[in-house]
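Here is the structure we will look at.
The values are calculated or read from the model by the stated rules, or taken from the named source; none is laboratory data. All values derive from a computational prediction rather than experimental measurement. Note that we place each Cβ from the backbone using ideal geometry, even for glycine, and neighbour counts take in every protein chain shown.
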Amino acid sequence: MSEATVDVADLRSHADSPPPDERADELPLREDIRLLGRVLGEVIGEQAGPDVLDLVESTRREAFRIRRSEVDRVELAHRLAELDVRSANHLIRAFSHFSVLANLAEDIHHERRRRHHRRAGSPPQKGSLAATFALLDRADLPADDVARELAGALVCPVVTAHPTEVRRKTVFQVQRQITELIRQRDRAVDGDVDDAWSAQLWRSVLTLWQTALLRLSRLRLQDEIDEALRYYELSLFDVVPAINAELRRAVEERWPGAGLLRRPMLLPGSWIGGDRDGNPFVTAEALRRATTRQADTALGHHLGELAELRNELSMSDRLVTPTPQLYALADASRDDSPFRADEPYRRALTGISARLAATAARVLGSVPGGAQPVPGLPPYEEPDELRADLDVVDASLRSHGAGSLADDRLLRLREAVEVFGFHLCGLDLRQNSSVHEQVVGELLAWAGVCDDYTALDEAARVELLAGELTLRRPLVRPDAELSEEARTELDVLLAAAERVALLGPRTIPNYVISMCESVSDVLEVAVLLKEVGLLDPAGADGPTCPVGISPLFETIGDLQSAASTLGAMLDQPLYRALLGNRGNVQEVMLGYSDSNKDGGYLAANWALYRAELELVELARHEGVRLRLFHGRGGTVGRGGGPSYEAIRAQPPGAVAGALRITEQGEVIAAKYADPDLARRNLEALVAATLESTLLDVEGLGDDAEDAYALLDELAGGAQRAYRELVHETPGFVEWFRAATPIGELAELNIGSRPPSRKAGNSIADLRAIPWVFSWSQTRIMLPGWYGTGSALEEWVGDSAERLERLRDLHRRWPFFRTVLSNMGMVLAKTDLGLAARYAELVPDEELRARVFDRITAEHERTCRMTLAVTGDDQLLADNPSLARSIRNRFPYLEPLHHLQVEMLRRRRSGEDDELTSRNIQLTINGIATALRNSG
């Protein structure tokens, strides 16, 4: 028997011996990893040969020995550096697949543990609706207070196309096959499976091995649109209506007659096809495609559910007595089939389907599925008309004792129509303020209003724009001679106006202004909306516009000025009148990514908190309802981390019943790939929003101002330390570009969007996503911690009293606790031993040492001070599941990092063959997959 054959048995264990503290309830996870590892080993041995399997297995053993600190990683690095490019390719693919399967096993185990807790009758988990309503019950809240705080309640996760999802759809589908097979085994008696099951698992892993992990070409925008829409079929169509229905029932039981949640609280949103900031592919045609595909998805779902209902509601009026309203629907259906003469529900649903099919034909030009319009039956003009007909069916069923049927598919469809309408989800528009300035200046010059708008100061701009907003007349004619950029911008807005007219005002709910710094930035957008007819400055009740204008404050400076900017906006009479006609709700978007890139982790988080405090106070003073939109990414450096804790860590009054939040990149699949995951994550968003709105979760009381002043000091110190390294160290950009795969990342086909807003070599020109992604690849994770250690050490000094003050804040203040918890997660994923290998890619030895020594010193300082403040003896003491995850998955990362460094070194020294480049891209893919929240 060959050594390779013997080694297959070793592949059954993800570690040579599990840690002594492994709990018995983690045994199924270890068994899953062993099983999947064994099958993958068998596939590799058969497909690539025993020599490759031997290489894979010996590397795996060595990687786990390194993780246990039994050997130095230098020997493995040297051995892998000697591999030929083909052997390196086999190894990279093997460990990438190990990571994929380990992730899959973890996700299944989380499901398993949740089922166990439910069956055991455990108390509801924190972040679930059941746990939240238990808290609200104990608080005994008056109905009037709840009604006031939840007026206009909204939770809106907004899917974006930010390119950090590295998995191909095909790979994702194979993973789902494997997941379902493991679930089948769990459902079997005593986990007993037959040979057919084992053969299917083997075939699925074989398919995974023989499927390319990389796309041949970059994702197109239309692909990103379609990718996002698949999550509706996977989970959102089931879960979103169900959560809204549960919310309605819960609040009605507790506060009957208070009129709460008359509209759904949970509504999905999207940026894909409307976010033009730095993406030249978002055009008028792209916006039309996005909204058309969304409408097709929504109408297709509703028509499919109506067809199922028509099959299910077979009740005969020889046995039941429907209401007269139901008979009226049945009679209007023009369904004269003798086979359905005694089946009024089926005839009514035939008519409803025919009217909805006519709606689809009007909106889309075609009808999804098999339903067809019926001559003489008009289309529905708006979703409320469809909902009214479904309500007739509901009331009739309940009138003759069929309420249980009404509470099944029909209830889900009624909720779905309210949530998804005919448009599916709101598509926001976004563009950079500098583009608006250029386009408005061009329009004003063409119209002869102002020859050089950009030469005006802020006061003159505001006066000019405010004057334009009192007039209905457009600035230009359709045949105006404009630059390509101006014409493109106007065409997008004209397409948006067209879709609002066709699909309703919920289709394009908001216009987000990137890098918003002044009142003129807001009024420029208002002028553009007026130009295409969306904003009417002289309606019967004053100025109106179906599209809200949302300033996005991104840099630390912009966040510090956010309240004054918003205050100046509200001082404009026309804008204030426009806001009044929109229910006095003002949305403000807060950017986590650029503020972090600007000033570092702690400074950015505190700038956001301070901005929220000031915005809340301004809104209260001005009598407007503030709605915050959080632009969070997947990583901690871009605002990521557990959503429940993040929302509860917001300052008092910042949530106020409403929350919008971006869902970006690889976290979308992690949260919404199946109904169980989607339910858990959406419940967490809603639960945290309810708690932050209705309960005092800050917990500082009279100590708040002192705590705020302390964080002012800490944030200032952290920002100084960060800027000294990133923005003031000579050669830092050169170091960053040499030590990370930022250049090679641009070649990975993971998104339609360019990695930089504009050509340039500065950090400011680089988008936050590739900035964070690159640091993740090197395992430095710098955006998630750098500067905090210096700030903490400088403030504490030798004072035990000051250290205890920080410990007290950590115990009492969710914001501070969440900031340190998320940072601890990043520090635990950081590996400066691996990072040192990347630093070797910097050719200038003096620069290499100067920058890396500062990073190393700050990392040690940050780890030490974090543990001192939390009182823990190790990182992740508060997150044992993540600690387990790192133990399971990170050994598979070791070879991928060494091989990435080696492939980067070879390519940069001139070995520019196709396989070397592909190996680099595969390592980027594999590392991102294993880290899970990489961008």
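The C-beta contact set for region 304-316 (first residue closer than 13 Å to V393 by Cα, second residue polar (S, T, N, Q) and surrounded by 13 or more Cβ atoms within 10 Å (Cβ to Cβ), distance under 8 angstrom, 6+ apart or interchain) comprises L306/S353; R310/T350; R310/S353. Count of region 517-530 residues, restricted to those that are over 14 Å from P546 (Cα atoms) and not β-branched (V, I, T), is 6.
Please determine, by comparing only the residues of region 755-779 that are at pLDDT 90 or above and assigned to a helix (DSSP H, G or I), which one is farthest from the chain's Cα centre (by Cα). Write out each step before concluding.
The initial filter retains those residues of region 755-779 that are at pLDDT 90 or above, namely 774-779.
Keeping just the survivors that are assigned to a helix (DSSP H, G or I) gives 774-778.
Working: S774: 19, W775: 20, S776: 18, Q777: 20, T778: 23 Å.
Among those that are at pLDDT 90 or above and assigned to a helix (DSSP H, G or I), it is T778.
With respect to the conditions (1) surrounded by fewer than 22 Cβ atoms within 10 Å (Cβ to Cβ); (2) over 16 Å from N888 (Cα atoms); (3) touching a residue at least 24 places away in the same chain (Cβ under 8 Å), V71 falls short on a single one, namely (3).
Residue-wise test of (1) among the hydroxyl-bearing types (S, T, Y); (2) over 30 Å from A48 (Cα atoms); (3) not in a helix (DSSP H, G or I).
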{"residue": "Q175", "(1), (2), (3)": "no, no, no"}
{"residue": "T179", "(1), (2), (3)": "yes, no, no"}
{"residue": "I182", "(1), (2), (3)": "no, no, no"}
{"residue": "V193", "(1), (2), (3)": "no, no, yes"}
{"residue": "W202", "(1), (2), (3)": "no, no, no"}
{"residue": "L208", "(1), (2), (3)": "no, no, no"}
{"residue": "Q222", "(1), (2), (3)": "no, yes, no"}
{"residue": "A228", "(1), (2), (3)": "no, yes, no"}
{"residue": "E233", "(1), (2), (3)": "no, yes, no"}
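Filtering region 271-319 to residues that are among the hydrophobic types (A, V, I, L, M, F, W, C) and either more than 15 Å from A348 (Cα to Cα) or in contact with a strand residue (DSSP E or B) (Cβ under 7 Å, 6 or more places away or on another chain) (or both) leaves W271, I272, F281, V282, A284, A286, L287, A290, A295, A298, L299, L319. No other residue among R850, R905, R861 is out of contact with any helix residue (DSSP H, G or I) (no Cβ under 7 Å at 6 or more places or on another chain), assigned to a helix (DSSP H, G or I), assigned by TED's automatic domain parsing to the domain that holds S821 and of a type outside the set (A, V, I, L, M) apart from R850.
If you go through region 560-574 one residue at a time, do you hit one that is within 23 Å of V155 (Cβ to Cβ) and part of a helix (DSSP H, G or I)? Scanning region 560-574, I find at least one residue that is within 23 Å of V155 (Cβ to Cβ) and part of a helix (DSSP H, G or I), so the answer is yes. Would a scan of region 510-527 turn up a residue that is within 30 Å of G365 (Cβ to Cβ), within 35 Å of the chain's Cα centre (by Cα) and among the charged types (D, E, K, R)? So far as region 510-527 goes, no, none of its residues is within 30 Å of G365 (Cβ to Cβ), within 35 Å of the chain's Cα centre (by Cα) and among the charged types (D, E, K, R). Answer yes or no as to whether Y345 is aromatic (F, W, Y), under 30 Å from Y232 (Cα atoms) and at pLDDT 95 or above. Judged against the criteria, Y345 is a match.
Residue by residue, here is whether (1) crowded, with 24+ Cβ neighbours inside 10 Å; (2) among the hydrophobic types (A, V, I, L, M, F, W, C) holds:
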| site | (1), (2) |
| --- | --- |
| T544 | no, no |
| F553 | yes, yes |
| G583 | no, no |
| D594 | yes, no |
| R610 | no, no |
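The single condition among (1) at positive phi; (2) at pLDDT 80 or above that R932 does not satisfy is (2).
If I ask for residues that are of a type in the set (D, E, K, R) and in contact with a Ser or Thr (Cβ under 8 Å, 6 or more places away or on another chain), which ones from region 262-295 would you list? Steps first, answer last, please.
Narrowing region 262-295 to residues of a type in the set (D, E, K, R): 262-263, 275-277, 285, 288-289, 293.
Of everything in region 262-295, those that are of a type in the set (D, E, K, R) and in contact with a Ser or Thr (Cβ under 8 Å, 6 or more places away or on another chain) turn out to be D275, D277.
Would you check which residues across region 242-265 are in contact (Cβ under 8 Å) with a residue 24 or more places away in the chain and within 17 Å of L413 (Cα to Cα) and list them?
A242, I243, N244, A245, E246, L247, R263, P264, M265
Please go through region 737-754 and give me each residue that is hydrophobic (A, V, I, L, M, F, W, C) and modelled with pLDDT of 70 or more, ordered by number. Hits for region 737-754 are A738, A739, I742, L745, A746. The residues on offer are M903, M865, and the sole one that is within 30 Å of P814 (Cβ to Cβ), out of contact with any Cys (no Cβ under 9 Å at 6 or more places or on another chain) and crowded, with 21+ Cβ neighbours inside 10 Å is M865. If you take the residues of region 844-859 that are touching a residue at least 40 places away in the same chain (Cβ under 8 Å) and out of contact with any Leu (no Cβ under 9 Å at 6 or more places or on another chain), which of them is farthest from G824 (Cα to Cα)? Step by step, filter region 844-859, then rank; the result is D844.
Restricted to region 817-845, and to residues there that are among the hydroxyl-bearing types (S, T, Y) and under 18 Å from H859 (Cβ atoms), the residue that is farthest from the chain's Cα centre (by Cα) is Y838. Of the residues making up region 780-807, those that are on the phi > 0 side of the Ramachandran plot and either in contact with a Gly (Cβ under 8 Å, 6 or more places away or on another chain) or at pLDDT below 95 (or both) number 2. With respect to the conditions (1) in contact with a Gly (Cβ under 6 Å, 6 or more places away or on another chain); (2) outside the structural domain of A746 (by TED's automatic domain parsing), H898 falls short on a single one, namely (1). Take the conditions out of contact with any helix residue (DSSP H, G or I) (no Cβ under 9 Å at 6 or more places or on another chain), assigned to a helix (DSSP H, G or I) and surrounded by fewer than 23 Cβ atoms within 10 Å (Cβ to Cβ) and apply them to A486. Does it pass? For A486, the condition - out of contact with any helix residue (DSSP H, G or I) (no Cβ under 9 Å at 6 or more places or on another chain), assigned to a helix (DSSP H, G or I) and surrounded by fewer than 23 Cβ atoms within 10 Å (Cβ to Cβ) - is not met.
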